[in-house]
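The values are calculated or read from the model by the stated rules, or taken from the named source; none is laboratory data. Please read these numbers as outputs of a predicted model, since none were measured by experiment. Counting neighbours? That spans all protein chains shown, and the Cβs are built from the backbone with ideal geometry, glycine included. These accessible areas exclude ligands, DNA and RNA; they are computed on the full protein's heavy atoms, side chains included. Shrake-Rupley method; radii C 1.70, N 1.55, O 1.52, S 1.80 Å.
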Amino acid sequence: MSTVRAAAFEVLRRYGLTTIFGNPGSTEVSLLTGLPDDLRFVLALHEGSVVGMATGWAVGHAEPALAVLHTTAGLGNAVGALATARVNRAPLVVLVGQQDRRHLALEPFLAGRLAGLAGDYPVWTDQPVRAQDVPGALARAFHEAVTHRGPALVVVPMDDWDAPFAGETPAAPARVLRPAAVPDAGLAPLVELLAGARSPVIVAGAGASWGPLVELAERLACPVFQESFGALAGFPQDHPQYAGVLPADRGRLRAVLAPYDVVLAVGAPVFRQYPYAPGPLVEPGTAVAVVTDDPAEAHRSPAALAVLAPPGVVCERLAALLPARPAAPAAVPPAPAPEVPGGEPLRPAYVLRELARRLPRDVVLLEETPSSRPDLHRLVPARNPLGFVSAAMGGLGFAVPAAVGLRMALPGRPVVAVVGDGSALYGVHALWSAAHYRVGALFVVLANGRYAVMDRLADQHGGKAPWPPFPEVDLAALARSLGCPARRVDGPAELGAVLDEVIPSLAAREEPLLLDVTVAVDQDFRP
């Protein structure tokens, strides 16, 4: 007779979940010991890195990835990364271990009080009533992760894996079809709004599809802004109609959008903000419409019109239905950062400019450098849909492990993570995985020895920051201690030489490299 474990493996094979990201615990030993040869286990040294790597894999494949977490400790360590996966809309199947079902009532050692531990961030959570329901629960988790674009959790007691499985009917369909057609009649109100606009503008978000959105933007001959704090670039940032990233406070947002009478947000919320400021999001008389396939995003957007449908399909039909507008002057992007000399310590903008000069068009670029993000937006345009990848949730610890997962998913693509030293410390464990599995990503650490954004925020609040800097932290030494090659970079000659050496061969590189670049502290922060 077959076992629940064997039946579960068949489900994983059916849905392509054959790479398992995990950090093993005793409640998962009965699942993981003696894995079949066609299932690959990828070790990370912390559960935040487990989920971060799985998130990168899911983003790279545009399909769910599988993560295994260890009861309360593992799930608790991973909650921040699960929140990032949810806000980044990355589909994950997350299998959480639990103590033996037969004595859970006694709350034995390692028994997990798991209900609600991850809050509302999972899109679906289940602990099957019977061991025999586990394979069906895994199948349903796959469908839930795809449909709702986030982490779906299945909690499995450790004794369930060896339970007999005699062909029970799984409580999940073998296939789910998701027709995406949008009838033209259903778009009539949006067509009317855009056709009557004197001066339309588009805000592109992580949920946009580049090809259809470019076609629509060119049909409307209008500028296109990138949403603030987006997970992905929503529009090619070297396109002549690209106008830059929206500011993240209401006053500047109103000023930027004031010239336009219709604002169309595509695959983006209306509108992501950071510091609170009073007043409306747009000037009176400006109509806002949103196109998204995320019901929550649509329902919370203060818009005159929301269209809940796949953005790519909607943009494709809009481009066919709308009359072409006269060509408009090219959008005027924000002024680039001023030319900065390459002294010592280096300015972050100088490092980013030198990097941008060398990056190929197909680079996968991950960002987690909060104090330098505005400079990165100005200097390093995304020229492919993965040319900018970031943690839309805002928590630190995403970029380093996600870069490992993305490179594993896309082994022929150059992958670069640009991170601050404070950010890197949250995900530094993933460097061991990068070295062990020969993941040839480049990690560029902008090291200023402090939480610079927090210092600037304290300045803006008119007080003294109580937290100290940490100049003693040596990211290059930490990387080497984890088996990852690293170099310290202190000046322009060193920077240029190492970038000229590494960037041309980055797509074929099999060994990771961390550049610990000493940079000056930027004194301004305006997200």
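Looking at G211, G230, G205, which one is small (G, A, S), surrounded by fewer than 18 Cβ atoms within 10 Å (Cβ to Cβ), within 28 Å of V363 (Cβ to Cβ) and in contact (Cβ under 8 Å) with a residue 60 or more places away in the chain?
G211
So, of the residues in region 353-386 that are open to solvent by less than 10 Å² (accessible area, probe 1.4 Å) and among the small types (G, A, S), which turns out to be modelled with the lowest pLDDT?
S372
Is there a residue being under 27 Å from F398 (Cβ atoms), modelled with pLDDT under 90, not in a strand (DSSP E or B) and not aliphatic (A, V, I, L, M) anywhere in region 282-301?
Scanning region 282-301 turns up no residue that is under 27 Å from F398 (Cβ atoms), modelled with pLDDT under 90, not in a strand (DSSP E or B) and not aliphatic (A, V, I, L, M).
Please go through region 351-382 and pick out each residue that is farther than 19 Å from N448 by Cβ, out of contact with any strand residue (DSSP E or B) (no Cβ under 9 Å at 6 or more places or on another chain) and either among the charged types (D, E, K, R) or part of a loop (DSSP other than H, G, I, E, B) (or both).
R357, R358, P360, R361, D362 - these are the residues of region 351-382 that are farther than 19 Å from N448 by Cβ, out of contact with any strand residue (DSSP E or B) (no Cβ under 9 Å at 6 or more places or on another chain) and either among the charged types (D, E, K, R) or part of a loop (DSSP other than H, G, I, E, B) (or both).
Residues that are under 22 Å from the mean Cα position of the chain (by Cα), at least 1 per element: which helices (runs of 4 or more DSSP H) completely within region 11-91 meet that?
In region 11-91, the matching helices (runs of 4 or more DSSP H) lie at 47-61, 71-87.
Identify all residues within region 52-88 that are more than 20 Å from R40 (Cβ to Cβ) and among the polar types (S, T, N, Q); write none if there are none.
T71, T72, N77, T84, N88
Take the residues of region 473-526 that are of a type in the set (D, E) and surrounded by 14 or more Cβ atoms within 10 Å (Cβ to Cβ): which is farthest from L43 (Cα to Cα)?
D522
Considering each of G52, G80 in turn, give the residue that is of a type outside the set (A, V, I, L, M, F, W, C), open to solvent by 40 Å² or more (accessible area, probe 1.4 Å) and either in contact (Cβ under 8 Å) with a residue 12 or more places away in the chain or farther than 30 Å from P269 by Cα (or both).
Going through G52, G80 in turn, the sole match is G80.
Of the residues Y437, Y451, Y426, which is over 24 Å from G22 (Cβ atoms) and aromatic (F, W, Y)?
None of the other options fit; the residue is Y451.
In region 246-281, how many residues are modelled with pLDDT of 95 or more, part of a loop (DSSP other than H, G, I, E, B), more than 18 Å from A231 (Cβ to Cβ) and not aromatic (F, W, Y)?
3
Among what's in region 94-112 and is within 19 Å of V29 (Cα to Cα) and part of a helix (DSSP H, G or I), pick the residue that is least open to solvent (accessible area, probe 1.4 Å).
Of everything passing the filter in region 94-112, L104 is least open to solvent (accessible area, probe 1.4 Å).
Pairs needed: first member in region 108-133, free of Cβ contacts under 8 Å to residues at least 40 places away in the same chain; second member anywhere, polar (S, T, N, Q) and open to solvent by less than 40 Å² (accessible area, probe 1.4 Å); C-beta distance under 9 Å; at least 6 residues apart or different chains.
Final answer for the pair search is P108/Q99; F109/Q99; Q127/Q98.
From D516, D500, grab the single residue that is over 24 Å from the mean Cα position of the chain (by Cα) and modelled with pLDDT of 95 or more.
On inspection, the qualifying residue turns out to be D500.
Within region 126-158, which residues are touching an Asp or Glu at 6+ places or on another chain (Cβ under 6 Å) and open to solvent by 20 Å² or more (accessible area, probe 1.4 Å)?
Selection gives Q132, M158.
When you scan region 444-457, do you find a residue that is open to solvent by 10 Å² or more (accessible area, probe 1.4 Å), more than 22 Å from the chain's Cα centre (by Cα) and free of Cβ contacts under 8 Å to residues at least 24 places away in the same chain, even just one?
Checked against the condition, which is being open to solvent by 10 Å² or more (accessible area, probe 1.4 Å), more than 22 Å from the chain's Cα centre (by Cα) and free of Cβ contacts under 8 Å to residues at least 24 places away in the same chain, region 444-457 yields at least one hit.
So which of V146, V176, V191 is over 24 Å from S30 (Cβ atoms), aliphatic (A, V, I, L, M) and touching a His at 6+ places or on another chain (Cβ under 6 Å)?
Checking each option against the conditions leaves just V176.
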